[in-house]
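**Student:** Dropping the structure in here first, questions after.
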Amino acid sequence: MNKKKLSFVGVVASAALVVSALLVPSANAANKTVIVWADNTRGPNLQTVLAAKSDWVPGITIKIVTFSGFDALKTAFDNATALTGPDIVVGANDWVPTGAKQGKLAPVTLSSSVRASFTSNNLGDLTYKGVLYGVPLDYNNVGMIYNSKLTGKPLTLGQMVNFYLANKTADKLTAGLCVAGGGMSFGGVSVLSALGGAPYVMTPNGSVSATADPVPAATVAANINKFLLDKKGKSNGFFPATDTGCKTAFLAGTVPYAIIGNWEWTDYAKAGFDMSTLMPVPGVNHGQYGSAFASVSGAMLTVFAAAHGVDQGAKSVLNNFFGSAAGAVAYQNVELRPPANKKAQKDASVTAAQKGFGKSGAMAGIPQIGAILNGATGGKSFWDLLPAFWTDVLVNGKDPLTSAQKLDTFFQANIAAGIPQL
Amino acid sequence: MEKLFNRKVTVTLKYLVVAFVSSLMLMLIMSSFAKREYAISGFLTIGLIAIALTYLTNYSIPMKFFLPGMLFLFAFVVGPILYTVAMSGFQYSTGNYISKPDAISRIIATGIRPDANQTTFDIIVGEDSAKNLEILASDPTNKVYFLSTATTKTDLDPTVLAVDENGDATKAPGFHPLTPDQQNAVDQKIADTRFAYSSAYFITIEGSNVASLKSQTLMYNSSTDTFTNVQTGAIYKDNGVGDYANVANKVELLQPGWRAPIWFSNYTKLFTDPQIRKPLVKVFIWTMVFASLTVLTQFALGLLVAMIMNRKLFGRRIYRSIFILPYAMPSIMSILIWGGMFDTEFGAINHLFGTHVHWFQNAMYARAAVIIVNLWLGFPYFYLICSGALQAIPAELSEAAAIDGATNRQIFRKITMPLLLQVVSPLLVASFAFNFNNFNIIYLLTGGGPSNTLGGDVAGSTDILISYTYKIAFGAGTQNLGLASAISVVIFVIIASISLYGIRRSKVLESFK
């Protein structure tokens, strides 16, 4: 290389260095900012709340990073590192076991006043192996809604089935009860429960029973034969094994009863449905109800907060904003889900639908325990098993007793593997 | 115009472009180095040097054309392959995501437990007269107040304290509170400090105004690389596969674990672990059937339509446009629409035919649905290819054969088809390879299902290798990225072998010799 060329290379390299130095963002730019990751609905709502009031913690700026969806948020959090991850992540309670195992969630201790604002079940939802990882935000549950233009409030499952069979042709009904929100496992668990089964049995002191039979096969099979199958052992059409199209059909008035999620109730309210018709799925006997998961979503502390030097700031955000009644009311007035904070639940600004879902959860709610449901044995999680059960008995014509026995066996295995992790 | 593009201008432009690209790369090098991504930083540095040597000197003229492609090839093809191969040699699953030092620090952190009553104190963070970090702690319910540093605890007489309306102390002699900004500046120090309480317990800060009583239940001994539970006496030792296991009960593990090298274990599991081998074999067979059937049906329909459209027809141009529509529409949209149409209760297909077929709940029907939808999506491609190829076959050949007495079927079998296959063979191989890894159609249409989960199946009936691998890597329950990487490497080897064999058989590369 001749001298002239060498000097030119030097000039180019120097220019490049100067430009690149200008382009590199300052490492100190994000200091004392607590970064919160949230999905596409919670993120914008949190931003709205923080735009109205930002001084929840003196000297701390709360920055919300929104993801395109819940799954995208989960994927991003799974891949997060100390350099890219958030200080707080807003997610489902069943993220806690995985997040703790992955070493991404950090323990948090709430002040006694904040702890007193939540039920022990709610705090238990965000606890793994005795360690609390976040603050409960709101109930994540489903409830049953009925079309009051077609039918009245049902008292038993049998009433609902009879109504469907009697009016199927006249009202051009495509199904009786279908799952519009939460899928055939999260949404469908209340139907299993109404029929006599459950993913696990809770003891009166709020723990999971290691000995009780979660799916009493004979009872569940008899109820399936009675309510969901015809005389030939095929589905009577009352309860489809799939959730596809349910919401559209219910809104169109061709399904009288639907299980809907509390995250989507405004769609039904906008279509003119009365939110006072929300209730748990009735059981086979009057006064009994099918239990649905009534767990909370949470704002969870991550280990990255310490790496970012905002561990105390993030803990303060959890206590002063997410954990406070004022923070919960401000947020739920925008988010419109049933708040987990007991003081916020009583606030006058909470809507009928929020209270309806809260009431439904209180009447027939069971905690959603990820350590058991996510399936420690052979990858057969509750989320895969229950849809498969519906398919087997309602579509493939398999014997309900045999299928219920298999379901019971898997559930028992998951309970046995999950209890030591609680 | 000619003056505008004289040598000086083009050379200046070249240097500007090189300077701009170099700036970007330098920025990325510094950024990746700062983020401790040394492999990326190293690659970018080599790339930067290569760019400088190639475009600022005349060592190699051909390299000026090849270099950008080669850099992208290494960055987006070779790099990910090497990374996947490397990951397949690790215990890299839920519970084993982080490095060993990180895992140790996480275990130590989760080994700090609140006391049985979960006692908390309202606190103010400040400093003592010697500028040591100190907290003024209040328990207004029990009227307990004290000052605590990392080494000392001083109980305070409530009568000499200033308290607020909640009963929390606001001032104490010799205590100097920190402002919020001062607290933020020493956040890490506050987080790391264990304030004195008693011999069994210490206090940690849980935010700007809350502290809690804690004790250390798990103690780490770095010289023996073991953890000891101070309450039970249990000892946890490195089990060699990324976890600390209880010496007395080897299935009891401390969490989290770490990414540990397990060399070829993930590969041997594919053949030796029946829980992995059985579904894998089933999925592999269906993947081969799916890819073969897809290529055959798409080619057959595409060819049929092309032959029909090759004849003079009224409105041929309109038909051609219509036939290309499925190809022009975004496939994701088409798949989702088809998914809705196949729905049992509410779908158009069952409504139109007056049937009640459970398309996505029955394995046979689900597989048929996948093939049908993929046929719809893919036949226009083969129609376009076959149309061009058919028009390129000289008409004289068919005419001569007809004169010699050949029937239409004989002309097709002996002349049209062989000539056509010469052109489309590489595309058939490529299509097979594409469909072997056609994740979208499976994921969006059936999600891999239905699955006979109650019968013990792990994989779904329509799962192909790539969707099954995705489930293993990113499924809802336990994720196993190491095993998924091993399967990915196997898929890569299969696809590469089939493609190489197909290309050699079709002799398509001979023209390059």
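The values are calculated or read from the model by the stated rules, or taken from the named source; none is laboratory data. Because the structure is a prediction, the values reported are computed rather than measured. Reconstructed Cβ throughout: ideal geometry from the backbone, glycine too, with neighbour counts over all protein chains shown.
**Student:** Among the residues of segment B:39-63, what is the count of those that are more than 35 Å from the chain's Cα centre (by Cα) and buried (at least 17 other Cβ atoms within 10 Å of the Cβ)?
**Tutor:** 2
**Student:** Counting only residues that are more than 14 Å from chain A (Cβ to nearest Cβ) and not in a helix (DSSP H, G or I), which one in segment B:458-509 is nearest to B:PHE90 (Cα to Cα)?
**Tutor:** B:ILE464
**Student:** Answer yes or no as to whether B:ASN221 is over 21 Å from A:TYR128 (Cα atoms) and of a type outside the set (A, V, I, L, M, F, W, C).
**Tutor:** In short, yes.
**Student:** Can you tell me how many residues within segment B:129-176 are part of a loop (DSSP other than H, G, I, E, B) and buried (at least 16 other Cβ atoms within 10 Å of the Cβ)?
**Tutor:** Residues in segment B:129-176 being part of a loop (DSSP other than H, G, I, E, B) and buried (at least 16 other Cβ atoms within 10 Å of the Cβ): 7 in total.
**Student:** Under the condition of being in contact (Cβ under 8 Å) with a residue 60 or more places away in the chain and either more than 14 Å from chain A (Cβ to nearest Cβ) or crowded, with 21+ Cβ neighbours inside 10 Å (or both), which residue from segment B:194-203 is farthest from the chain's Cα centre (by Cα)?
**Tutor:** The selected residue is B:PHE195.
**Student:** Run down A:PRO216, A:PRO256, A:PRO240 and say which single residue is at pLDDT below 95 and in the same structural domain as A:PRO282 (by TED's automatic domain parsing).
**Tutor:** Result of the check over A:PRO216, A:PRO256, A:PRO240: A:PRO240.
**Student:** Checking B:SER31 against (1) out of contact with any helix residue (DSSP H, G or I) (no Cβ under 8 Å at 6 or more places or on another chain); (2) away from every other protein chain (no Cβ under 13 Å), which single condition isn't satisfied?
**Tutor:** Looking at each condition in turn, B:SER31 falls short on (2).
**Student:** Does A:LYS355 qualify as being of a type in the set (D, E, K, R), in a helix (DSSP H, G or I) and surrounded by fewer than 24 Cβ atoms within 10 Å (Cβ to Cβ)?
**Tutor:** Yes: the conditions hold for A:LYS355.
**Student:** Please list, ordered by residue number, the helices (runs of 4 or more DSSP H) wholly in segment B:35-103 having 1 or more residues that are of a type in the set (A, V, I, L, M) and within 11 Å of another protein chain (Cβ to nearest Cβ).
**Tutor:** Ranges flagged: B:38-55.
**Student:** Could you list, in sequence order, all residues of segment B:265-277 that are free of Cβ contacts under 8 Å to residues at least 60 places away in the same chain, within 14 Å of chain A (Cβ to nearest Cβ) and part of a helix (DSSP H, G or I)?
**Tutor:** Once the filter is applied, which keeps residues that are free of Cβ contacts under 8 Å to residues at least 60 places away in the same chain, within 14 Å of chain A (Cβ to nearest Cβ) and part of a helix (DSSP H, G or I), segment B:265-277 yields B:PRO274, B:ARG277.
**Student:** Which one of the conditions (1) within 10 Å of another protein chain (Cβ to nearest Cβ); (2) assigned to a helix (DSSP H, G or I); (3) more than 17 Å from B:ILE98 (Cα to Cα); (4) touching a helix residue (DSSP H, G or I) at 6+ places or on another chain (Cβ under 9 Å) does A:ASN45 fail to meet, given that it meets all the rest?
**Tutor:** With (1) within 10 Å of another protein chain (Cβ to nearest Cβ); (2) assigned to a helix (DSSP H, G or I); (3) more than 17 Å from B:ILE98 (Cα to Cα); (4) touching a helix residue (DSSP H, G or I) at 6+ places or on another chain (Cβ under 9 Å) applied to A:ASN45, the lone miss is (1).
**Student:** For segment B:382-402, state whether one or more residues are among the hydroxyl-bearing types (Ser, Thr, Tyr) and under 23 Å from B:TRP286 (Cβ atoms).
**Tutor:** Among the residues of segment B:382-402, not one is among the hydroxyl-bearing types (Ser, Thr, Tyr) and under 23 Å from B:TRP286 (Cβ atoms), which makes the answer no.
**Student:** Follow-up. Search segment A:369-414 for residues being without any contact (Cβ under 8 Å) to a residue 24 or more places away in the chain and basic (Lys, Arg), and hand back the single one that is nearest to the other protein chains (Cβ to nearest Cβ).
**Tutor:** Here the residue is A:LYS406.
**Student:** Only one of these is in a loop (DSSP other than H, G, I, E, B), hydrophobic (A, V, I, L, M, F, W, C) and out of contact with any Pro (no Cβ under 7 Å at 6 or more places or on another chain): B:ALA401, B:ALA406. Name it.
**Tutor:** B:ALA406
**Student:** Continuing with this model, one more query. Could you say which residue among B:ASP273, B:ASP343 is closer than 30 Å to B:THR84 by Cα and surrounded by 13 or more Cβ atoms within 10 Å (Cβ to Cβ)?
**Tutor:** Within the list B:ASP273, B:ASP343, the selection yields B:ASP273.
**Student:** Among what's in segment B:448-492 and is within 25 Å of A:ALA72 (Cα to Cα) and of a type in the set (D, E, K, R), pick the residue that is surrounded by the fewest Cβ atoms within 10 Å (Cβ to Cβ).
**Tutor:** Only one residue fits best here, namely B:LYS471.
**Student:** Which condition from (1) under 21 Å from A:VAL108 (Cβ atoms); (2) out of contact with any strand residue (DSSP E or B) (no Cβ under 9 Å at 6 or more places or on another chain) is the one that A:SER295 breaks?
**Tutor:** Tallying (1) under 21 Å from A:VAL108 (Cβ atoms); (2) out of contact with any strand residue (DSSP E or B) (no Cβ under 9 Å at 6 or more places or on another chain), A:SER295 fails exactly one: (2).
**Student:** What number of residues in segment B:318-355 are more than 14 Å from B:LEU384 (Cβ to Cβ) and modelled with pLDDT of 85 or more?
**Tutor:** 25
**Student:** Considering segment A:134-148 alone, what residues qualify as being within 13 Å of chain B (Cβ to nearest Cβ) and either β-branched (Val, Ile, Thr) or surrounded by fewer than 24 Cβ atoms within 10 Å (Cβ to Cβ) (or both)?
**Tutor:** Of everything in segment A:134-148, just one residue is within 13 Å of chain B (Cβ to nearest Cβ) and either β-branched (Val, Ile, Thr) or surrounded by fewer than 24 Cβ atoms within 10 Å (Cβ to Cβ) (or both), namely A:VAL135.
**Student:** State whether the residues of segment B:306-324 include one that is touching a residue at least 40 places away in the same chain (Cβ under 8 Å), surrounded by 17 or more Cβ atoms within 10 Å (Cβ to Cβ), under 34 Å from the mean Cα position of the chain (by Cα) and assigned by TED's automatic domain parsing to the domain that holds B:THR462.
**Tutor:** no
**Student:** Continuing with this model, one more query. Which residues, counting only those in segment B:248-265, are out of contact with any strand residue (DSSP E or B) (no Cβ under 8 Å at 6 or more places or on another chain) and either surrounded by 14 or more Cβ atoms within 10 Å (Cβ to Cβ) or more than 30 Å from A:VAL131 (Cα to Cα) (or both)?
**Tutor:** The answer is B:GLN255, B:TRP263, B:PHE264.
**Student:** Can I ask one more? Taking only segment A:90-124 into account, find how many residues are away from chain B (no Cβ under 11 Å), of a type outside the set (A, V, I, L, M) and touching a helix residue (DSSP H, G or I) at 6+ places or on another chain (Cβ under 6 Å).
**Tutor:** Number satisfying all stated conditions: 2.
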